[in-house]
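Have a look at the structure below before the remarks.
The values are calculated or read from the model by the stated rules, or taken from the named source; none is laboratory data. These figures come from a predicted structure and were not determined experimentally. All Cβ positions, glycine included, derive from the backbone under ideal geometry; neighbour counts span all protein chains shown.
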Amino acid sequence: MTISRRHWALRVILLLLIGTGLACHAWAHLHYRAAQSALARRDLAEAQRHLAQSLKVWFWRADTYLLAARTARRAGDFDQANTYLRRCRALGGPEEALDLEYKLLSVQQGDLVGQEGSLVNLVLQGHPDTPLIAEVLMPAFLQAFQLRNAQECVRCWLEQEPERVEAWRYHAKVCAHLQNGDEALRSYRRAVELGPEDDELRLQLAGELIHAHQPQQALAQFAYLRPRLGDTPQVLGGLACCHRELNHPDEARQLLERLLAKEPRNGLALQERGRLALQFESAAEAEKWLRRAAAEQPAEREVLYGLLQCLKQLHKDKEAAQVQAQLAQIDADLARLAVVTRQIAATPHDAGLRCEAGQIMLRNGQETEGLRWLASALHEDPSHADTLQTLEEHMKKKEAEKEKGRGEE
């Protein structure tokens, strides 16, 4: 081969290499753009897939590893997030962004106490990544009942993203915890306006409308949800409650019959059936349903209050006095719980207060919430004696109930 031909061959090979490199770069760029589009739609799984493909070519780009780490963390893939963060750091990625990601990763894995101070400061200072920080802090603050921090955090979030559905959802939850029903309802309305296809959000709005005694509007929400979700207990129970409040007893009765045929021990359905009977049938009929509801929810105040009304109308004075005493204890517990939760909001790291909140919840049949409070007390103080004793007593009680159930079988 002559020198001229060799030069031409080398040029062709070089052009092929350049073309291949450009094609690979274009392929990686397309996947990166697709990942950004998926993130804009909150589709984290699809974004992860595209970023993984992009990194097959852009294995030298720290910024792509950082975005991949953030996406993996938001999707709950903590091991993968750690792997990407290490690679980003090795490639000289920005330390400030890496530090933030490690802190957010730590909070998502349960270490709120160790990170909350610096992260809250960033949010209050208007950090450009406030939405990313807030979406991690908000569930952690609500879990820990740090309502003041949650309130400030979601306020700053909404300042940066006033049309973010999740921010309005969290704002509604905070307002509900603070017993601000009007503001919670307004926030749920706004969230549904922004996310009309979110059925869970619409269910929450419908529930708030019932609590606000707006049955006509709640009925419209449940009617919209029924063909989408089917005859779920929430939908049937909600519709029945609306029809009862709108003085449609026959419709309410039919809905509850359908629900109780599927779930004869559904405490909320039994309670609603008792209310219906007390309002439109007779005290004797209501007593039957409310006693069944009380068997399923022995510490539910509304059930006991309805039962008390029945017993008084039926002149069952001795039984009425017993129920009245139960209600007095529940009311005292609720009053104390209100005080304790306000104190927790002011001093969120007090294990004793969290333990007391858990004890009150357990005493009133709220097992899930009670155990959550006790777990948060141990998070503050792993050796807190009262909390450990309460948990031990609760476990013994549960075991005794299981043994009793096996004996009856």
Original post:
If a residue has to be of a type in the set (Ser, Thr, Tyr) and touching a Pro at 6+ places or on another chain (Cβ under 9 Å) to count, how many in segment 242-301 make the cut?
Top reply: 0
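Residue by residue, here is whether (1) surrounded by fewer than 20 Cβ atoms within 10 Å (Cβ to Cβ); (2) at pLDDT 95 or above; (3) closer than 19 Å to residue 365 by Cβ holds:
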| site | (1), (2), (3) |
| --- | --- |
| 270 | no, yes, yes |
| 273 | no, yes, no |
| 278 | no, yes, no |
| 284 | yes, yes, no |
| 289 | no, yes, yes |
| 296 | yes, no, yes |
| 299 | yes, no, yes |
**OP:** Pick out the one residue from 107, 123 that is closer than 28 Å to residue 381 by Cβ, surrounded by 15 or more Cβ atoms within 10 Å (Cβ to Cβ) and in contact with a Ser or Thr (Cβ under 9 Å, 6 or more places away or on another chain).
**Re:** 123
**OP:** May I ask you to verify whether residue 150 is surrounded by 20 or more Cβ atoms within 10 Å (Cβ to Cβ) and in contact with a Pro (Cβ under 9 Å, 6 or more places away or on another chain)?
**Re:** no
Original post:
Going by the structure shown, is residue 155 modelled with pLDDT under 95 and either small (Gly, Ala, Ser) or out of contact with any Lys or Arg (no Cβ under 7 Å at 6 or more places or on another chain) (or both)?
Top reply: no
Original post:
Name the pairs whose Cβ atoms lie under 6 Å apart, with the first residue in segment 275-289 and within 16 Å of residue 315 (Cβ to Cβ), the second surrounded by fewer than 20 Cβ atoms within 10 Å (Cβ to Cβ) and aliphatic (A, V, I, L, M), and 6 or more positions between them or separate chains?
Top reply: 283/314
**OP:** Check residue 168 against each of (1) more than 14 Å from residue 138 (Cβ to Cβ); (2) touching a Lys or Arg at 6+ places or on another chain (Cβ under 8 Å); (3) crowded, with 20+ Cβ neighbours inside 10 Å and name the one condition it does not meet.
**Re:** (1)
Original post:
Can you name the residue in segment 44-84 that is closer than 23 Å to residue 134 by Cβ and part of a loop (DSSP other than H, G, I, E, B) and is also farthest from the chain's Cα centre (by Cα) among such residues?
Top reply: 77
**OP:** Pick out the one residue from 97, 81, 69 that is touching a residue at least 12 places away in the same chain (Cβ under 8 Å), in contact with a Cys (Cβ under 9 Å, 6 or more places away or on another chain), more than 27 Å from residue 357 (Cα to Cα) and surrounded by 19 or more Cβ atoms within 10 Å (Cβ to Cβ).
**Re:** 69
**OP:** Residue by residue through segment 216-268, note down the ones that are within 14 Å of residue 203 (Cα to Cα) and touching a Phe, Trp or Tyr at 6+ places or on another chain (Cβ under 8 Å).
**Re:** 235, 238, 239, 242
Original post:
When you go through 225, 229, 194, 236 one by one, which is the residue that is hydrophobic (A, V, I, L, M, F, W, C), in contact with an Asp or Glu (Cβ under 9 Å, 6 or more places away or on another chain) and buried (at least 18 other Cβ atoms within 10 Å of the Cβ)?
Top reply: 225
**OP:** May I ask you to say which residue of 350, 333 is surrounded by 13 or more Cβ atoms within 10 Å (Cβ to Cβ) and over 24 Å from the mean Cα position of the chain (by Cα)?
**Re:** 333
